[in-house]
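What follows is a short report on a single structure.
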Amino acid sequence: MNDIMHQAALDIPLDERSRYLRKMAVKTLESGKRAHLGSAMSIMEIIRVLYDDFLQYDVSNLNNPNRDRFILSKGHGCLAQYVVLADKGFFDNKELLKFCHEDSILGGHPEYGKIPGVEASTGALGHGMPIGVGMALAAKLQKRKSRVAVIVGDGETNEGSIWEAAMSAAKHKLSNLTVFIDYNKIQSYGFVSEVLNPEPIADKWTSFGFAVKEINGHDVNELKKQLSKLPYRNQKPTAFICHTIKGKGFPFAENDPTWHHKSNLSDADIQKMYDSI
Amino acid sequence: MVYELAQKDERVLFIGSDLGPGVLDDFKKNIPERFFMEGIAEQHIIGMAAGLAFDGFIPYVNTIAVFLTRRCFEQLALDLCLHDLPVKLIGNGGGLVYAPLGPTHQAIEDIGILRTLPNMTIVAPCDAEEMKRLIVASLQWPHPMYIRLAKGSDSIVSKPELGFEIGKGIQLKPTGEVLFVTTGITTQRALNAAKILVDEEIKCGVFHMHTIKPFDHEGLMQAAESAELIVTIEEHVLNGGLGSAVLEVFSDRGIIKKVVRLGIPDVFSEKYGSQDILMESFGLDSETIIEMVRLRL
């Protein structure tokens, strides 16, 4: 099953919008000369579909209490979120060109209070889900229809706090909470199956009380279709096991653990990225 | 006390981990939607409290002090302090209260580690009456706050007529040639010592610093001005606690004062017994305080 899903994620071509967002990402990291490229490219389509087709928000009224919340718990994948936020008008595209500069609002991990649209500062792993549970609970208590979406990394699920939060989400029947597990199968040191195997991943989330669906995390149409069905169960939070490819869209980086994070990117590296798109 | 707050203010909610049976039953019965017992999951509880606070709630989180500080330090730093959210942490058994349970349950470095966190407020009331005043004041405090609880049956020495303001020390006894600077229940120890030393014609003042962060620099400077000897007394390791904060104030202002710090040395406790026995073994009883004054004045 995993092999088939993984191959499908590898094989699916990227459409024009996905390639456009990747071009923006390369421009962004070109100015910072560093990024978690692999970690950001595996979640690009998930974030794109969330902001294009799912999340309810108004860039002219960011504090609207009825808005949906999105938390990128794997904050190191922020390059994908930055380009989508800029593209959707949360801030000026020019900010991307200051990525990781001294006076930039955009650092190597997303910060609440600095970046319009970022709901919580993340970067240390295992924090976004507990915060997301709190936000989903707050929406229920305040009888708001706000939904909460959280992206966690597959490596991030090594953290015990993820499972503490999962138990709590099920206990409180948070059907307004959706967790996307970015199952790109690679963490910093290497393959998750070797570092700390998350399998049986779908069974785990099911047993923790989630409605679980495995999908191709780069299939835009499939993502849209499944998100339109939420919540799957009225009394349960949802977990999408998103089969994704680390570095998707950049063949030289795909499935290569060394592209988890790179600093001191050379002009040749950047050119190679542009050439790939 | 949190129940009374919750009755008056719909933003207040209670989150416990796995407290004893019957804790806050009235709260649970009458306001069940704002009462949470979330299990032994302190990292999650702090993050969840942050998420609720983002949307306007004021969570009061309660569990044993060591688990509320050691276990989830990163969550305190990032989820609460980095976002500067008004979550209130009530730590049961601050200091050596859980003496018989051993070092796993003794919160002896809680103040020191939390002092290092920007936006964190730290308060250690000296008795149950002061705790009541603190809880009322805490509701409007817009930052994360750690409240270090004692066992709850300590003698009442705080005085309502002296008021209570977060971040403002209270001069419980006017400064003499000696000034005791205290926090939590070391205030009672100091008052006892001061009473006995009067008979030896040694006048000792007591400056009770219920709030260790933000630290009342001005209040301390005024209280300490005429004292020949300052004695800081804390139920906490000497690294990074009240005594360190006092030395920092003097050092930063270039003021040379004779300061003696009494507290727990750089060790874990090796004995059980009771809070009083352990405090005595670490020299935090009135007799040792008196001896130290006689020796150093």
For the range A:114-160 the number of residues that are touching a residue at least 12 places away in the same chain (Cβ under 8 Å), under 21 Å from A:Ser175 (Cα atoms) and among the charged types (D, E, K, R) is 5
Checking the structure you have, find out if any residue of the range A:196-204 is touching a Gly at 6+ places or on another chain (Cβ under 9 Å) and either in contact (Cβ under 8 Å) with a residue 60 or more places away in the chain or not in a helix (DSSP H, G or I) (or both). yes
The one condition A:Glu199 fails out of (1) more than 9 Å from chain B (Cβ to nearest Cβ); (2) of a type outside the set (S, T, N, Q); (3) buried (at least 24 other Cβ atoms within 10 Å of the Cβ) is (3)
When restricted to B:Gln43, B:Gln75, B:Gln7, the only residue surrounded by fewer than 17 Cβ atoms within 10 Å (Cβ to Cβ) and at pLDDT 95 or above is B:Gln7
Checking B:Phe207, B:Phe268 in turn, the sole residue that is under 20 Å from the mean Cα position of the chain (by Cα), in a loop (DSSP other than H, G, I, E, B) and not assigned by TED's automatic domain parsing to the domain that holds B:Pro118 turns out to be B:Phe268
Could you tell me whether any residue of the range A:89-105 is under 26 Å from B:Phe73 (Cα atoms), assigned to a loop (DSSP other than H, G, I, E, B) and either within 14 Å of chain B (Cβ to nearest Cβ) or out of contact with any helix residue (DSSP H, G or I) (no Cβ under 8 Å at 6 or more places or on another chain) (or both)?
no
When A:Ser146 is run through (1) within 7 Å of another protein chain (Cβ to nearest Cβ); (2) more than 17 Å from the chain's Cα centre (by Cα), the failure sits at (1)
Exactly one of A:Lys213, A:Lys225 is closer than 16 Å to A:Phe180 by Cβ, part of a strand (DSSP E or B) and of a type outside the set (A, V, I, L, M), and that one is A:Lys213
Here, strands (runs of 3 or more DSSP E) confined to the range B:1-113 with at least 1 residues that are facing chain A (nearest Cβ under 10 Å) are B:12-16, B:35-37, B:58-64
| query | Quick check: is even one residue across the range A:240-258 assigned to a loop (DSSP other than H, G, I, E, B), over 21 Å from A:Ile12 (Cβ atoms), in contact (Cβ under 8 Å) with a residue 12 or more places away in the chain and more than 19 Å from the chain's Cα centre (by Cα)? | reply | no
Note: among A:Pro110, A:Pro116, just one is part of a loop (DSSP other than H, G, I, E, B), surrounded by 18 or more Cβ atoms within 10 Å (Cβ to Cβ) and more than 8 Å from every other protein chain (Cβ to nearest Cβ), namely A:Pro110
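The values are calculated or read from the model by the stated rules, or taken from the named source; none is laboratory data. Just so you know, these numbers come straight off a predicted model, no measurement behind them. Please note: Cβ atoms are built from the backbone with ideal geometry, for glycine as well, and neighbour counts cover all protein chains shown.
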